[in-house]
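Chemist: Quick one: this structure, given as structure tokens, is what I'll be asking you about.
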Amino acid sequence: MIGLNILEKGDNYKDLKRSFVIFVCIFDLFGEGRHIYTFENRCIQNLELGLGDDTTKIILNTKGTMDDVTPEMKRLLDFIDGKEPEDDFTRELDEAVQSVRKNEKWRMLDIRGMSA
């Protein structure tokens, strides 16, 4: 779907721009204890052959146990997982979330969007 929005009819596939698809999960989808799983499109028959579309899919896991992300990312994942904010960024994020939750206009947009 991303490619459909980036390329026009007749454009060359190699003209796709670099894109990232990021999922944040509050469970470990693969059960390996990682905080981050990164995927690129590769040929199953020849893993050396990449599709060349520069699309990277990243799955972030709040339940990771490995030391595989920066301390800042770990604090963000902990915050998403329901822990208290521990730094300026997560405190600011928490304030923004609280502000949106209190904003009746945003809440009505969310409700209308869900029913559409």
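The values are calculated or read from the model by the stated rules, or taken from the named source; none is laboratory data. Remember, it's a predicted structure, so these values are computed and weren't measured experimentally. Note: ideal-geometry Cβ built from the backbone for every residue, glycine included; neighbour counts use all protein chains shown. Surface accessibility is based on the protein's heavy atoms, side chains included, excluding ligands, DNA and RNA. Shrake-Rupley method; radii C 1.70, N 1.55, O 1.52, S 1.80 Å.
Chemist: Return yes or no: is L60 modelled with pLDDT under 95 and either in a helix (DSSP H, G or I) or surrounded by 13 or more Cβ atoms within 10 Å (Cβ to Cβ) (or both)?
Modeler: For L60, the condition - modelled with pLDDT under 95 and either in a helix (DSSP H, G or I) or surrounded by 13 or more Cβ atoms within 10 Å (Cβ to Cβ) (or both) - is not met.
Chemist: Scan the stretch 42-57 residue by residue and report those that are open to solvent by 50 Å² or more (accessible area, probe 1.4 Å) and of a type in the set (G, A, S).
Modeler: Correct list: G52 only.
Chemist: Restricting attention to the stretch 61-97, report how many residues are out of contact with any strand residue (DSSP E or B) (no Cβ under 9 Å at 6 or more places or on another chain), closer than 21 Å to G31 by Cα and of a type in the set (D, E, K, R).
Modeler: Residues flagged as out of contact with any strand residue (DSSP E or B) (no Cβ under 9 Å at 6 or more places or on another chain), closer than 21 Å to G31 by Cα and of a type in the set (D, E, K, R) within the stretch 61-97 amount to 5.
Chemist: Could you list, ordered by first residue, the pairs with Cβ atoms under 9 Å in which the first is in the stretch 64-88 and among the hydroxyl-bearing types (S, T, Y) and the second is at pLDDT 95 or above, at least 6 apart or interchain?
Modeler: T65/D28; T65/G33; T65/R34; T65/H35
Chemist: Going by what's in this entry, would F39 be described as surrounded by 13 or more Cβ atoms within 10 Å (Cβ to Cβ) and among the aromatic types (F, W, Y)?
Modeler: No: the conditions fail for F39.
Chemist: I would also like to ask the following. Can you list residue pairs whose Cβ atoms sit under 6 Å apart, with the first residue in the stretch 90-111 being at pLDDT below 90 and the second being of a type in the set (F, W, Y)? Count only pairs 6 or more apart in sequence or on different chains.
Modeler: Final answer for the pair search is V100/W106.
Chemist: Oh, and also: Determine the pairs where a residue that is over 22 Å from F79 (Cα atoms), located within the stretch 17-41, has a partner that is outside any loop (DSSP other than H, G, I, E, B) and charged (D, E, K, R) with Cβ atoms under 6 Å apart, the partner being 6 or more residues away or on another chain.
Modeler: F39/K57
Chemist: In the stretch 24-52, which residues are in contact with a helix residue (DSSP H, G or I) (Cβ under 7 Å, 6 or more places away or on another chain) and farther than 29 Å from F89 by Cβ?
Modeler: The answer is G52, and nothing else.
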